[in-house]
Every structure is written in structure tokens, then in C-alpha cells.
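Readers should treat all values here as calculations from the given coordinates under stated rules, not as data from a laboratory. Nothing here was measured: the structure is a model prediction, and the numbers come from that model. Cβ sites come from the backbone with ideal geometry, for glycine too, and all protein chains shown count toward neighbours.
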Amino acid sequence: MKTKLIDKLSDISRIHRRAAFTDVLKHTAPKSSEFLNLAGKRYSCRGFDGRPVPDDLVESVLEAARLAPTAVNKQPVHVWVARTPEVLEKLAGATQYLYGAPVVFLVGCKPSDAWVRKYDGKNGAEIDAAIVGTHIMMEVADLGLGCTWVGSFDPAVLAAAFPELEGWDIVALFPTGYPAAQPSSNHTARKSLEEFASEL
Ligand SMILES: Cc1cc2nc3c(=O)[nH]c(=O)nc-3n(C[C@H](O)[C@H](O)[C@H](O)COP(=O)(O)O)c2cc1C
């Protein structure tokens, strides 16, 4: 009897907490912060105006990538910069999604160097690389540049074109430059906050 009452009370408390969570989403979610503004400003930029990206901006992007956290700080990630016409042409053989960008960042990971979750053997390399890639996207946006995360490329073509990538799994390419294209309609097509997040 006592247990049942406690169960009931905890049910009520869950309902209240859920209601409170929805309330928080509706009324007190931060409407602006520097990061939130940047997150809104970033979009997949698929056209560039042809200006080269200065070296110091390329370095800022690399520095933001370097600062990314990785599981157990294993840092099983590497970033390559492609920007000479010859290298960009070879890269274009592996993907149709370079959008004429003057510089492309490639992010690769080495699963053999990564943390592995002991409970189920899950390898953390791709997650680490995705965080590095996210730092790249956000820094690019903060610098007033644009880029797109490109996952659609042929790894075999890439490997054949660049033997120096041997041993690395390339996770993403980021064609980058000065923006000359608007966001696509996908940029604003997101699930509502209520659908996207919920109280457990
Ligand atoms: C893992 C991943 C892979 C993607 N691959 C490609 C791609 O190969 N080509 C492309 O044009 N966009 C690619 N995108 C961009 C997404 O289409 C884009 O992020 C999404 O439609 C939301 O639009 P937004 O970035 O403008 O907000 C990729 C994005 C992610 C996160």
C-alpha cells in the first residue's frame, strides 16, 4: 500500500517535471547567446565567390579543429588542407560536392588509435572526428567564411589519388571559401524543440 502511494507520488512528480520542462522550452529557453547566434548563422554553403582564403584564416580553422575534445584525449584525428589547383582537381575525382571551393579541409580518423568502449567494443574514432569537423564548421562560420560538411565521396577513389592518406579513414570533407550562396530550405527545416528534446 505504502509502495503504491510512493509510486503514485513519483508519477505525479514526473508529470510535473515533464510539464516544467515543456514550460522551460517554451518560456525560458535562451533566445540569444554568442554561440546560439553562431549556430543559427552557420549553414551549408554551396557556392563561393572565388577569393582565396588567407593563410591566417586557414590557421584559425585548424586551431579550432585542434582544440576539439576526443575520448580519453586519444586524438585519433588528422586534418589535411587541400588548396593547390592540382590537389583540388584530384580531390574532385572523388566527389561532385566541392562547389568550386578554394580550400578543402579533410578530416580523417584512425580507429586503431581511438578509445574503445569496454562494454560493447564501440570505437570512438568517428565520433572524435565528427567533433573536430563540427569545430571546423563553427570556426568557419565565425570567421565569416562558409563551408559544407561533405560525406558523399568515394573513399576508394580518394585513397588511390592520395597514397599519403593510407591508414586513415576519411570521415568528411569541408569545401570552404567566401560565401556566394544562400542557405538551402533544409537549413530552417528542423524538428520542433518539443519533438527534438524531452524529459526522461
Ligand atoms: C554527416 C553529414 C554529411 C553531409 N554530406 C553532404 C554532402 O555530401 N553534400 C552536401 O551538399 N551536403 C552534405 N551535408 C549537409 C547537409 O545536407 C546539411 O547540413 C543539412 O541539409 C542541413 O542544412 P544546413 O547545414 O544548411 O543547416 C552533410 C551534412 C552532414 C552532417
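Give the residues of segment 137-153 whose amide nitrogen is closer than 20 Å to a point set 7 Å from the Cα of Glu34 in the direction of its Cβ.
Under cut-off, by backbone N: 137-146.
Relative contact order for segment 40-182 using alpha-carbon pairs under 8 Å, separation at least 6, rounded to a whole percent?
It comes to 39 percent, rounded to a whole number.
Measuring from label point to label point, each 7 Å out along Cα→Cβ, what is the Ser60 to Asp113 span in nm?
Between Ser60 and Asp113, the label points sit 2.7 nm apart.
Restricting things to Cα coordinates, could you compute the convex hull volume per residue of segment 40-182 in Å³?
Taking only Cα atoms, segment 40-182 has a hull volume of 111 Å³ per residue.
Is segment 149-200 rounded, prolate or oblate when judged by the Cα gyration tensor, a ≥ b ≥ c being the square roots of its eigenvalues, rounded requiring a/c under 1.5 and prolate requiring a/b larger than b/c?
oblate
Lys and Arg at +1, Asp and Glu at -1: add these up for the other residues within a Cβ distance under 13 Å of Ile170 and post the number.
Net charge in that neighbourhood comes out at -4.
Give the order of Glu139, Glu86, Glu59 when sorted by the count of other beta carbons within 10 angstrom, beginning with the fewest.
So the ranking, lowest neighbour count to highest, is Glu86, Glu59, Glu139.
Sort Asp154, Asp128, Asp169 so the one with the fewest other Cβ atoms within 10 Å of its own Cβ comes first.
The order, fewest Cβ neighbours first, is Asp154, Asp169, Asp128.
Round to the nearest 0.05 the FRET efficiency obtained for Ala160 and Ile127 when R0 = 30 Å and r is the Cβ-Cβ distance.
That pair, Ala160 with Ile127, gives E of 0.65.
So what's the gap between the Cα centers of segment 61-119 and segment 130-155, to the nearest angstrom?
9
Going by how many other beta carbons lie within 10 Å of each one, how would you line up Phe48, Phe162, fewest first?
Least crowded to most crowded, the residues run Phe162, Phe48.
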